[in-house]
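I have placed the structure first, in the form of structure tokens, so that the comments after it can refer back to it.
Just so it is clear, none of the values below were taken in a lab; they were calculated from the coordinates. For clarity, every value in this text was computed on a predicted model and none was experimentally measured. Cβ sites come from the backbone with ideal geometry, for glycine too, and all protein chains shown count toward neighbours.
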Amino acid sequence: MEPKSDTRRFFKSLHAFGERKQAATVDMARNVAGLLALSQQEELMDLPNHSPLSTSEDEGDSDGERKSQKLLEAVSSLGGKSRWKLAERSEATLGVSEFNVTSDGSGEKLVLSDLLESSTALSSLAAVRKQLLRVKSKTLAIPLDKKEADQILREAAFSKTAQVLSKWDPVVLKNRQAEQLFFPMEKELPAVAPVEHAFTGWKTRTPLEQEVFNLLHKNKQPVTDPLLTPVEKASLKAMSLEEVKIHRAELQKTRALQSYYEARARREKKIKSKKYHKFMKKGKAKKAFKEFEQLCKDDPSAALQELGKMEEARVLERMSLKHQGSGKWAKSKAIMARYDLETRQAMQEQLAKKRELTQKLQVVSESEEEEEKCTEEGIISASDGMNDLQMNAAGVNPWMLRSCNSSAGRGELKTDPEQLPQQVAGGFSVGEEDERPVAEELVLKERSFQERVEPNSAKPMGGQEAEVSSDCQEEVSESRVLLQKLHKENDQSEQQNVSSVGTVLQIQREELAQEESLVPQRLERTHVLEEQGELGKEGRCQKKGHPRPMLKGEWKKRNPHSVLDVSRREKKDQMIDLQKLLTTRSPVKSLAVPTVVELKDEVETDHKQIIKEAFAGDDVIREFLKEKRETVEANKPKDLDLTLPGWGEWVGMGLKPSAKKRRRFLIKAPESSPRKDKNLPNVILNEKHNILAAAHQVHAIPHPFTHHQQFERTIQNPIGYTWNTQRAFQKLTVPKVGTKLGHIIKPLKAENVGYRSSSRSDLSVLQSSRKRLSKKQQKQLKASSAD
Amino acid sequence: METAPKPGRGVPPKKDNPQAKKKKPRRYWEEEATPVAAPAGPPRKKARAREPRPPRSKGVRGAPKSRFGRKPQAPKNASDRKKPRRTLSGAQDPFPGPAPAPAEVARKFCRIDKSKKLPRSKPKTRTKLETAEAQEEEASVRAARAELLLAEEPGFLEGEDGEDTAKILQTDIVEAVDIASAAKHFDLNLRQFGPYRLNYSRTGRHLALGGRRGHVAALDWVTKKLMCEINVMEAVRDIQSVFPLLAVDGRGSADPNWNRWLYIYDNQGIELHCIRRCDRVTRLEFLPFHFLLATASETGFLTYLDVSVGKIVTALNARAGRLSVMAQNPYNAVVHLGHSNGTVSLWSPAMKEPLAKILCHRGAVRAVAVDSTGTYMATSGLDHQLKIFDLRGTFQPLSARTLPQGAGHLAFSQRGLLVAGMGDVVNIWAGPGKASPPSLEQPYLTHRLSGHVHGLQFCPFEDVLGVGHSGGMTSMLVPGSAEPNFDGLENNPYRSRKQRQEWEVKALLEKVPAELICLDPRALAEVDVVTLEQQKKERIERLGYDPDAKAAFQPKAKQKGRSSTASLVKRKKKVMDQEHRDKVRQSLEGQQQQRQKQKTAKPTGARPSALDRFVR
């Protein structure tokens, strides 16, 4: 039995092999010839084994034929690896197992009807047979691999669970976004309603209550609306809001009219023009006359009365004229009064009486009082230029004398400032103007001087007048001398400057350009001033400012270019002119001038101040610009030069690495952002990073934000109680999570959230319903089933 | 905070039937018989009586935004349009809805700077931004509503029509005002001990006086109660009251070899400390929120002393010679120093160099003052000019005027009045409003003193100007100078001893670190971009790539030989400069459009001829 079964197995495998790899057989055809012999040998060896099996062969030759065919096929398909498979029965043998039915042997499909044929004999099985026949033969798809099936199940389970869990999403999101979470989470307690609401349907029941209500009713006190008694209501109704408004508006109007009228009357009363009053009187008389005529026509009796009144007025007028010097008695006395003392006295008495009578009882005008007080208190009122002028004229300008001396030698002045006379005060403002290191055009200066002198000299000052004017003349002449000297000095110094060409020149040029534009302006301004004839000294000195010494030669040289230059410059960088900045015009209004009576020690300092003011002020701008330039340069990122001299070329004294090489090895500094003070000429801003303060700042942007500006927005609003009201502070600083002491915090329940409790999702349910699978999964399923 | 959406929110609460209630309790006045009828049926299921909610108008709930400035909205729904519930008394809320808050006032408290446009933000970020803005709005509305509590109004002085207020004398004012205010005008005749410096405490209650010739006094100036009075037998340069407890003065004798140190006294006049590291002090300033005492010295050093721990924070060399002009900016605690070269420099203890240098005058600067909002700085120089500068970034002069004899001392009041002391006269200028600079056209008040002005300060929370001069001290009445409402928790003039102690502790706890002083005090609410970028750079170096950068373009693999190296490179190149190319294209388009415009704008004259090229 064994060898036979072996060969069978072999054939079987061959057969299977042949079925699977028919393509391979073609390739293997050439091996067949060699192998054929071998197979025949095997056949031969099999023969003796066949004899006991002959019983089975009697079924027919067809079986034998099939066998031989198989063998041929097997042999022809020999080749490649032969795989051994588990033994499968292919045909009906004696050892038919009850577990396995294979249709392999026949090469046909097993059909149910074939199996049922045997049951025909048994009538008892007819019913079953019918049933079985009714069953449609439907081929079931091969079940999927376990692995794949599991995967699909898993995916489906995930989607199902995700769907189930997704109902929590809004809750979770809400909790995440909530400003505050308070545990244990409970439903809001119904708000406590006010007592009044609770007792809407309330009625009196107790005897006490009834009594109380009786009392209330009796006194007509409101029961339902205790806010207003009937009396109060009546009073409210007495005048409606509209009426009150109208009434008020009327009152307001009358008041306004009254005030207008009063104001007008006051204004008219203040008019001093006699002519105006004459006209007014005449007009009034005319009007009265007209009215009277009208009255005569209309109502004669009233006119008569009016006439009487007029008569009375005339009489009164006459009476009042009694004391004037125009009477007969008075005239006669006037002649005598020259010689007679008594008559003179009588005359004077009468005049006094007249004055007394005619004197109007009026309030003393405010302005006069004010002035008096002012003089008393020592405040010189702002409006009167008189005082200023007096001061100017009276005070001989001591500084002028001094400055004259000083022009001879400045050092001297600085060394002994005590020599200076102590009274600088009087013409301080004048002196201040002159003492500056003036180098502006002489013409300009002189003009201003003349201006100043003229009003002074023109002023009638009594006996002092002559002196003053002479003083002034002196001043002027002295100042001229001084100015000329100064001018010369300046010229010299400037020339020196020009000869010593240096870095300074550049600065000067810049400034010159600025100044050149300014000079004509100044001239114009002074012209305007002259025309206006203004006397304000401060304003003038202000306008002149501190002109920088101007080099004549340079001025001429630069003149043709200057206009162009300036305009170009202005276009290039619209810097605000420093000079303009510092010399601002100011309204010309004098204040209460402080009296300058100085203490001894202050005098010294004051002199020092004056000298400083005179000589120091000028270079301030240049120094500042220089400083600014230096700081800008210092803060600029520097280029890195990596050239190694002597590398690939000669090196030594006076030899420099070639330009090409330098260019090649120069690492340029990155372009820095423009400075904040780029367009602010009078400012130097420090652009260094404040490291100490930066330590307190945030330097990482938290998660949802992508840009620092976004995050800054959220932290800009202060939350401290210094900036907020108490309530706002509490609300802004409320903790994110709050808990109630001693309470259990239970997990969130679906019922609490507002969902019905659903049964736990079973996977078994899942398998039954494919509908819920996603499209992708369904596709997968289809594909797998098709295989 | 409720977390779950409520199912039946839209449904108005039903009013329960009174009959549906449980069994009524029996009252003493009721007969026995009546209750028999009542418990007829079984108790109903719906036994729990829900109390009706208080009426709430819909306008409150639905629109939390832009609540202010609007009248209470009319309810929209028909159900809401019903009359509000009448109470038993029949009284109605006459002002339904939240209290209105004026929009302008609320805007004042909005502190988020919305001038810059934000880059596009993701939805999550957007919600965060929205909540921040909503919070700001709510806080500002609340603050605006709280303005109602500032009941006091500032004083004022008005002349009759056409009358100049500068001509009104102190005597007139004193006559016009009430007795209590009139008592605040007084003169102290102290001719013996030279010109006086003075300083009011922050509450405006106490006054410290320091005479040049050694006279130091502290007094409760309102009650005129003298707290202490001593003569230190040395020249006193400046005096400053640090707490109400302490008086500080820099003093030094006339003898230059003598020590000139900083001394600290308590309110009894007992010398507590002598700080020798601060020598030759000329001016003192106290920065109250930082607990720093800034001293300017003759040697040119600006020294910051932390008075809470007694340590010197920094000593900065101004490199500009003698420092004798100093002022502090109350807004950002920056110290302003005036120099002899006409500049004013701004200092912070965190920086060795000045934060800014401003060229103000041609001559030396004589006095500097900064107003309480930190917006304006007034300077006066040797060139007799008085200028007002804008400190909000531009540092340009807003107005200037020349004074006949320049101002030696300047001071700002809480409400922005400017006082200048010139010789023995003080001039006060006022602006049109609170937030505007004083207009220098017309003085508001003038006053002449018996001596030369040596120290000026407006008293906080009182319409009083204290002037120290060579003849003593004068307390002037200046209507409208001070803030009428004080913060009871911060500067309470009427505080008790306990309150003061409490305040001290709180103030010390809230001490601001000295290094936070900078020009913009709101810089703390900004991200430190420099460090941020630095860190980012380091991270990129460490990782070797930029994790935040957009991933580089990776061409897809293609078949049939189209994925050769050359074609890959080609495809990469196509995408590489896409952004840049887009930009260039846009700019080119813009240029073309401009050119076209120019072309169209050009007047089409006669036909161009070839000879036109010679036309010059």
Amide proton proximity set for B:VAL313, modelled H, under 5 Å, gap of 5+: B:TYR304, B:LEU305, B:ASP306
Give me the inter-chain shielding for B:532-545: mean count of other chain Cβ atoms within 10 Å, whole number please. 1
Run the simple label-point estimate for B:GLU353 and A:LYS147 please: 7 Å along Cα→C-beta, distance reported in nm. 7.2 nm
Grab the beta carbon distance between B:ALA566 and A:LYS736, set R0 = 51 Å, and tell me the FRET efficiency rounded to 0.05. 0.30
Ranking of A:VAL737, A:VAL683, B:VAL426 by count of other Cβ atoms within 10 Å, fewest first: A:VAL737, A:VAL683, B:VAL426
Working out 0.36 nm times the residue gap between A:GLN210 and A:ARG264, then minus their Cα-Cα distance, what length gain in nm do you get to one decimal? 12.4 nm
Rounded to the nearest 0.05, FRET efficiency between A:SER326 and A:SER273 (Cβ-Cβ, R0 22 Å) equals 0.30
Quick check on the exposure proxy: order B:TRP221, A:TRP168, A:TRP650 from fewest to most C-beta atoms within 10 angstrom. A:TRP650, A:TRP168, B:TRP221
Student exercise, the range B:140-193 dipole from Lys, Arg, Asp, Glu Cβ charges, in Debye to nearest 20: 500 debye
With a cap of 11 neighbouring Cβ atoms within 10 Å, and only residues DSSP puts in a loop, list the trypsin sites (Lys or Arg not before Pro) found in the range A:324-358. A:ARG338
Counting only other chains, what is the mean number of Cβ atoms within 10 angstrom of the Cβ of each residue in peptide B:99-112? 1
Additional length obtainable on full extension of the chain from B:ALA320 to B:LEU543, 0.36 nm per residue less Cα span: 75.4 nm
Listed here are the pairs A:LYS636/A:LYS688; A:LYS638/B:LYS583; A:LYS628/B:LYS352; A:LYS274/A:LYS353; which of them are more than 20 Å apart at the Cα? A:LYS638/B:LYS583; A:LYS274/A:LYS353
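Take the residue pairs A:LYS284/A:LYS354; A:LYS245/B:LYS108; A:LYS272/A:LYS354; A:LYS160/A:LYS746 and return only those whose Cα atoms are more than 30 Å apart.
Where the Cα-Cα span goes over 30 Å, the pairs concerned are A:LYS245/B:LYS108.
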For a quick check of your reading of the filter: which trypsin sites (Lys or Arg not before Pro) in the range B:118-210 sit in a DSSP loop and have no more than 15 other Cβ atoms within 10 Å? B:ARG120, B:ARG191
Overall Cα dimensions of the range B:353-449 - principal axes, largest extent first, Å: 40, 31, 20
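Assuming R0 = 51 Å, what is the FRET efficiency of A:LYS661 and B:ASP390, from their Cβ-Cβ distance, to the nearest 0.05? Working shown, then result.
Details: r = 51 Å, r/R0 = 1.01.
For R0 = 51 Å, the calculated efficiency reads 0.50.
Which entries of B:LYS124/B:LYS536; A:LYS676/B:LYS116; B:LYS128/B:LYS536; A:LYS287/A:LYS309; B:LYS550/B:LYS572 show an alpha-carbon separation above 20 angstrom in the structure shown?
On the way: B:LYS124/B:LYS536 23 Å; A:LYS676/B:LYS116 18 Å; B:LYS128/B:LYS536 24 Å; A:LYS287/A:LYS309 16 Å; B:LYS550/B:LYS572 15 Å.
Among B:LYS124/B:LYS536; A:LYS676/B:LYS116; B:LYS128/B:LYS536; A:LYS287/A:LYS309; B:LYS550/B:LYS572, the Cα-Cα distance tops 20 Å for B:LYS124/B:LYS536; B:LYS128/B:LYS536.
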Can you list the residues of the range A:277-295 with backbone N under 13 Å from a point 7 Å past the Cα of A:GLU306, pointing along Cα to Cβ? A:285-295
